[in-house]
Amino acid sequence: MNSHSLPHGPAFASLPFSPAPAWRRAAQWFDQWLSHPLSARRAVVGLSLYLVLAANWPLWFAIVRLGGPPSTYLRVIAVLAALVACGMVALLSLTAWTRFMKPLWLAITLGAALSEYYMLTYHVVMDPGMAANVFQTDLHEVADLLGWRMVLSVLVVAALPAWWLARLRIPAM
């Protein structure tokens, strides 16, 4: 019996299971959840929390590798994560009023994904000096840095928020 020949009607609707696969039910629930408009403020908080977790995990692991008892570095990570999240919320809030906010947020997410890749690959800290070095590279150096590993890493970090931003509905104020 395939899914096309399952019975329909009110009696079937009362069964404790759904004939749709779990991933399809989850996708339908997620689409339903995304169909409700979200305020720009909530979108900023959600994107900031995602970036704190997804794009900064090399920083959190570097703090853990410093050593010491977990009670010490867990407090440091919590305080630093809160500070980074508050800073991101403050900066992203400055862009939350324009019609170009979603493309700008996507660019910020891609930049964060690239930074995360370089932090992992080259064990560097992205600071203003390192960002200046990125913009001063020539085509030969860029060609050496590009590769499938980088593309895959950036996609892993940036694909979910890109999809979310594409589906996100923010009502006009």
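The values are calculated or read from the model by the stated rules, or taken from the named source; none is laboratory data. As the structure is a computational prediction, the values presented were derived from the model and not from experiment. Positions of Cβ are generated from backbone atoms using ideal geometry, with glycine treated the same way; all protein chains shown enter the neighbour counts. Just the protein is used for accessible areas: all its heavy atoms, side chains included, with ligands, DNA and RNA removed. Shrake-Rupley method; radii C 1.70, N 1.55, O 1.52, S 1.80 Å.
Observations
- For the range 98-124, a residue qualifies if it is of a type in the set (Lys, Arg) and surrounded by fewer than 13 Cβ atoms within 10 Å (Cβ to Cβ), and exactly one does: ARG99.
- Of the set (1) assigned to a helix (DSSP H, G or I); (2) at pLDDT below 80; (3) touching a helix residue (DSSP H, G or I) at 6+ places or on another chain (Cβ under 7 Å), all apply to MET126 but (1).
- Lone unmet requirement of (1) open to solvent by 90 Å² or more (accessible area, probe 1.4 Å); (2) more than 16 Å from LEU110 (Cα to Cα) for LEU160: (2)
- Any hit, the range 164-172, residues being charged (D, E, K, R) and farther than 18 Å from PRO58 by Cα: yes
- Counting residues in the range 84-97 that are over 18 Å from the mean Cα position of the chain (by Cα) and open to solvent by less than 70 Å² (accessible area, probe 1.4 Å) gives zero.
- Restricting the range 14-38 to residues that are open to solvent by less than 80 Å² (accessible area, probe 1.4 Å) and not in a loop (DSSP other than H, G, I, E, B) leaves a set whose member that is modelled with the lowest pLDDT is LEU34.
- When the residues of the range 122-173 are filtered to those that are of a type in the set (Val, Ile, Thr) and within 17 Å of VAL52 (Cα to Cα), the one that is farthest from the chain's Cα centre (by Cα) is VAL125.
- Qualifying residue in the range 41-55 (condition: open to solvent by less than 60 Å² (accessible area, probe 1.4 Å) and modelled with pLDDT under 80): no
- Some residue of the range 59-77 being under 22 Å from VAL154 (Cα atoms) and open to solvent by 70 Å² or more (accessible area, probe 1.4 Å): yes
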